[in-house]
1. Could you give the radius of gyration (one decimal) and Dmax (whole number) of the Cα atoms in segment 163-259, in Å?
2. Please figure out what share of the DSSP beta bridges in the chain is antiparallel and state it in percent, rounded to the nearest 5.
3. Using the 10 angstrom Cβ neighbour count as an exposure proxy, how do 62, 275, 144, 231 rank, fewest first?
4. For the chain, what does the helix formula give at 222 nm: sum of -39500 (n - 2.57) over DSSP H segments with n ≥ 4, over the residue count, nearest 500 deg cm²/dmol?
5. What is the projected area of the convex hull of the Cα atoms of segment 69-172, averaged over all directions, in nm²?
6. Around residue 352, with a cut-off of 12 angstrom between Cβ atoms, what is the net charge of the other residues, counting Lys and Arg +1 and Asp and Glu -1?
7. Gap in Å between the Cα centre of segment 245-315 and the Cα centre of segment 152-170?
8. From a point 7 Å beyond the Cα of residue 334 in the direction of its Cβ, which residues of segment 156-176 have a backbone N at a distance under 17 Å?
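Please treat every number below as a calculation from the coordinates, not as lab data. Keep in mind the model is a prediction, meaning the values are calculated, not measured. Counting neighbours? That spans all protein chains shown, and the Cβs are built from the backbone with ideal geometry, glycine included.
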Amino acid sequence: MAKSILAVNAGSSSVKITFYTFENPPRAVADAQVSGITAPPASLKYQRGDVQHKEELKEKLSTPQDAFKYILQRCFKDPELSEVASEEDLAYICHRVVHGGDYTTAVEINDETLHHLEELEDLAPLHNFSALEIIRLCKKELPSVTSITYFDSAFHQSLPAHVKTYPINQEVARANGLRKYGFHGISYSFILGAVAEYLGKPAAQTNLIAFHIGSGASICAIQDGKSIDTSMGLTPLAGLPGATRSGDIDPSLVFHYTNEAGKLSPASTKEMHISTAEEILNKQSGWKALTGTTDFAQIAVQNPPSEAHRLAFDILVDRMLGYIGSYYVKLNGKVDALVFAGGIGEKSALLRRTLSEKCQSLGIAIDLEANDQGPEESQTVMDISRDPSKGPRVLICQTNEQFEMARDCARARSGGVDLK
Ligand SMILES: Nc1ncnc2c1ncn2[C@@H]1O[C@H](COP(=O)(O)OP(=O)(O)O)[C@@H](O)[C@H]1O
Ligand SMILES: CC(=O)OP(=O)(O)O
Ligand SMILES: [Mg+2]
């Protein structure tokens, strides 16, 4: 039987896995997602062909590693999914790893690359730990399958020096790798390809302001197909607020918040060390701190249940507007489209409408009915602009990080061609 590619996307609140045929381009065979890991009970969405199934999970899945183990077993045991029943059916596993340090391309996991990634874990313990746990698990439980890691940061290697450099002592910066890396790059790469195709333009001539707004939220300015600025920084904490992240704050704030800021957080484990400051700003802030929920669907409503919900919404809108203004100017007003992606960007009509109304001065206007309707399940790009001749288009792109990885894997691996 032909072998498959398994693509794994461990996000901060969800784990999404998709099995693909190993052909170029790959075709999705089955897709399983556990979401709401940070807002139990977690829920499962499972799709095989035309069959879709959703359920609330009774199992306690509080980490991405547990969620991965659970969904992999469910897929292997599904008698209807005969294509993937065990390790023997897999050719490659593609893993999304958020922080890739100086890696500019995908890498195959071996002892040396795994060791290097483990060293990077110190720079991004909150974001790389789970992905590396999943990689270690695959190495142990599925030893014959080659694992390949794809990095969120790789897309942003084009950031100019004046954007990626922090104005601090440069010797210290170089010695510790302290610079802007930027994240959500696998998603931005998918968005760029899909939108360029939709617009009928070469990606290398496409200019976008793209939003990936999910539990973690970021914005990217893309000029001639390259990232020229993005809102996340050394870690995914910088920039926009998220489900449990503060986003940008005055860096001094944390020392006024607690005098334990530099101490090891009680959430640290033997394998993962994080400071109290990192724990507070990454895990105890954002919507959760303001409203008590990490579910933006409860916040982005016309009549919010409390003033705190309204404030959380207004804060996100305000911070996004700041970046839109800045990136519009950086792109010299030459913007093909504003693109909404990520769980919130794709699903919240209210967020899209509010931002579009506030960007009228840029010639932006949307079709309210199309915006409310949103894209069909199978529609990758949906145009919700009212009159594209007056300003940038407004698009919704259902991003697909698993497909982006599997496509690259299939392209690079079919016909004996090595990884690019
Ligand atoms: N209808 C909706 N309106 C607004 N937000 C939504 C809606 N449905 C889901 N979301 C939000 O999408 C977010 C998850 O986005 P996603 O990109 O899948 O997250 P992750 O960061 O885990 O990859 C959650 O905060 C969820 O509340
Ligand atoms: C980089 C990042 O924040 O990822 P996610 O949104 O999947 O948590
Ligand atoms: Mg995500």
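1. Rg, Dmax (Cα atoms, Å): 15.9, 55.
2. Values: 43 of 63 bridges.
Rounded to the nearest five, the antiparallel share is 70 percent.
3. Numbers: 62 12, 275 17, 144 8, 231 27.
The fewest-first ordering by Cβ neighbours comes to 144, 62, 275, 231.
4. Theoretical 222 nm ellipticity from helices: -10500 deg cm²/dmol.
5. 8.3
6. -1
7. For segment 152-170 versus segment 245-315, the Cα centre distance is 25 Å.
8. 160
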